[in-house]
Amino acid sequence: MVEARAQQFMQCLPEEFLEFAMDVERYAEVDDKIGRFDWVRREGNLVEFKFRPAMPGLPAPAPKMIAQGRLIPGQRVDVGLAPLPDNRLWNRLMKFTASFVCEPTQNGTLVTRTMTAELVPAVRWLIDPILRRNLPGNIEIELAQAKAYIERVPGRD
């Protein structure tokens, strides 16, 4: 199992950051692991999207994936693979979870980003070392870019 975790203080309310994370098309601007979308559907606190993921350190584009994000208002967004019958290939290869947890602070929000991939033994020996080497730094860069995006002052661009 590979797990990567990073934290970043952001000058925004938890609700602002969580809404940004749920707007996956906008969030893709700061996360290079999210490739081109086929579609995005949001209904209340659930977002579902089909896209082509990019795994840090792996050269080939990955097969398309359907992911789901679930918002717990004011607290967190949990992301994972859509269950069967969707993602037949991905659900056979791995268990994937990710989250954004927001803790309000006196001057903003502490965001903790976590991603976990548990691959089946047939591919674990090949992919785990690459993800262990590349995913932690990728998550740190992602959060730094998210901070810059959410804190930028309108009109400066």
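Inclusion of N134 among residues that are polar (S, T, N, Q) and at positive phi is not warranted.
For beta carbons closer than 7 Å, sequence separation of 6+ or different chains, a first residue in region 1-12 that is of a type in the set (S, T, N, Q) and a second that is assigned to a strand (DSSP E or B), the qualifying pairs are Q7/L110; Q7/V111; Q7/T112; Q8/V111; Q11/G108.
Residues in region 130-144 that are crowded, with 16+ Cβ neighbours inside 10 Å and either over 17 Å from L110 (Cβ atoms) or modelled with pLDDT under 95 (or both): 5 in all.
Just the residues that are of a type outside the set (F, W, Y), closer than 28 Å to L126 by Cβ, buried (at least 17 other Cβ atoms within 10 Å of the Cβ) and without any contact (Cβ under 8 Å) to a residue 60 or more places away in the chain, please, taken from region 25-49. Across region 25-49, the qualifying residues are A28, I34. When the residues of region 59-74 are narrowed to those that are touching a Leu at 6+ places or on another chain (Cβ under 8 Å) and in a loop (DSSP other than H, G, I, E, B), which ends up farthest from E15 (Cα to Cα)? So, considering only residues that are touching a Leu at 6+ places or on another chain (Cβ under 8 Å) and in a loop (DSSP other than H, G, I, E, B), the one farthest from E15 (Cα to Cα) is P63. In region 57-73, the qualifying residues are those that are within 16 Å of the chain's Cα centre (by Cα) and aliphatic (A, V, I, L, M), and the one that is nearest to L131 (Cα to Cα) is A62. All conditions but one from (1) in a strand (DSSP E or B); (2) touching a Gly at 6+ places or on another chain (Cβ under 9 Å); (3) over 26 Å from W39 (Cβ atoms) apply to L131; the one that does not is (1). The test for being farther than 15 Å from A21 by Cβ, of a type outside the set (A, V, I, L, M) and at pLDDT below 95 holds for N91. Scanning region 101-129 for residues that are free of Cβ contacts under 8 Å to residues at least 12 places away in the same chain and of a type outside the set (A, V, I, L, M), we see that the one that is surrounded by the most Cβ atoms within 10 Å (Cβ to Cβ) is R124. The lone criterion from (1) buried (at least 16 other Cβ atoms within 10 Å of the Cβ); (2) more than 16 Å from the chain's Cα centre (by Cα); (3) farther than 20 Å from E118 by Cβ left unmet by N87 is number (3). Touching a helix residue (DSSP H, G or I) at 6+ places or on another chain (Cβ under 6 Å) and either part of a strand (DSSP E or B) or polar (S, T, N, Q) (or both): does that describe V47? Answer is yes for this residue. Entry remark, region 1-44: residues being farther than 15 Å from T109 by Cβ, in a helix (DSSP H, G or I) and over 14 Å from the mean Cα position of the chain (by Cα) number 0 in total.
The values are calculated or read from the model by the stated rules, or taken from the named source; none is laboratory data. Just so it is clear, the model here is predicted, and its values are computed rather than measured. Neighbour counts are summed over all protein chains in view; Cβ atoms, including those assigned to glycine, are modelled from backbone coordinates with ideal geometry.
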